[in-house]
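Visitor: I'd like to ask you about the structure that follows.
The values are calculated or read from the model by the stated rules, or taken from the named source; none is laboratory data. A quick note: this is a predicted structure, and the numbers were derived from the prediction, not measured. Cβ placement follows ideal geometry from the backbone for every residue including glycine, while neighbour counts extend to all protein chains displayed. These accessible areas exclude ligands, DNA and RNA; they are computed on the full protein's heavy atoms, side chains included. Shrake-Rupley method; radii C 1.70, N 1.55, O 1.52, S 1.80 Å.
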Amino acid sequence: SAAGLGLIYIGLGVNMAIFLYHGFVKSIPRELEESAHIDGCGEFQTYFRIIFPLLLPITVTIAILDFLWIWNDFLLPLLMLTDVTRYTLILSTNMLFGEYNKEWSLILAALVLTAIPVIIIYAFFQRFIMEGITEGAIKG
């Protein structure tokens, strides 16, 4: 079912998210927390006003990577989804291939329709990815 497939995606994707968050949080200077404490912020204020806004680039990066992974996944939906009406676009495109019949015009149109959401998501969130890359590269 789709709910079981979602749980599998969460279970498989959480390890990479934790790894990326861990590396990103370790790169945040300790002085930010210390200066917030000197200014009178408590633990929760420091997190929500200082640390949490800094996590936006890595959060968007993880969201885009997970979206691309889940959107382009073929094997898990093929194994988990039994109802043809619940197939993903990738699986539905695969159904256009037959042993004796290959409708290339339909296949190419389906592939273009499948690629459009990925391009839109990437174009919209590209600046966050670039911020995350440059923030992780600059030490000092």
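Visitor: Kindly provide the set of residues from the stretch 31-67 that are under 10 Å from the mean Cα position of the chain (by Cα) and open to solvent by 30 Å² or more (accessible area, probe 1.4 Å), ordered by number.
Guide: Matches in the stretch 31-67: T59, A63, L65, D66, F67.
Visitor: If you check T61, T93, which single one turns out to be in contact with a Leu (Cβ under 8 Å, 6 or more places away or on another chain), at pLDDT below 90 and either in a loop (DSSP other than H, G, I, E, B) or over 17 Å from L20 (Cβ atoms) (or both)?
Guide: Going through T61, T93 in turn, the sole match is T93.
Visitor: Go through (1) β-branched (V, I, T); (2) more than 25 Å from the chain's Cα centre (by Cα); (3) open to solvent by 70 Å² or more (accessible area, probe 1.4 Å) one by one and return the number of the condition I107 breaks.
Guide: For I107, the exception is condition (3).
Visitor: For P77, only one of the following conditions fails: (1) modelled with pLDDT under 90; (2) surrounded by 12 or more Cβ atoms within 10 Å (Cβ to Cβ). What is its number?
Guide: Failing condition for P77: (1).
Visitor: List the pairs whose first member sits in the stretch 76-90 and is on the phi < 0 side of the Ramachandran plot, whose second member is open to solvent by less than 40 Å² (accessible area, probe 1.4 Å) and outside any helix (DSSP H, G or I), and whose Cβ atoms are under 7 Å apart, counting only residues at least 6 apart or on separate chains?
Guide: Going by the 7 Å Cβ cut-off, the qualifying pairs are Y87/L81.
Visitor: If I ask for residues that are closer than 30 Å to D83 by Cα and either open to solvent by 90 Å² or more (accessible area, probe 1.4 Å) or of a type outside the set (A, V, I, L, M) (or both), which ones from the stretch 1-30 would you list?
Guide: Once the filter is applied, which keeps residues that are closer than 30 Å to D83 by Cα and either open to solvent by 90 Å² or more (accessible area, probe 1.4 Å) or of a type outside the set (A, V, I, L, M) (or both), the stretch 1-30 yields S1, G4, G6, L7, Y9, I10, G11, L12, G13, N15.
Visitor: Moving to a separate point now. List, please: which pairs have Cβ atoms under 7 Å, are six or more places apart or on different chains, and start with a residue in the stretch 119-140 that is farther than 14 Å from L56 by Cα and end with one that is at pLDDT 60 or above?
Guide: I121/I64; I121/F67; Y122/I64
Visitor: Enumerate the pairs (first residue in the stretch 31-56 and over 21 Å from I18 (Cα atoms) and in a loop (DSSP other than H, G, I, E, B); second residue anywhere and among the β-branched types (V, I, T) and open to solvent by less than 60 Å² (accessible area, probe 1.4 Å)) with beta-carbon separation below 8 Å, excluding pairs fewer than 6 apart on the same chain, so at least 6 apart or on different chains.
Guide: Hits for this filter: C41/I50.
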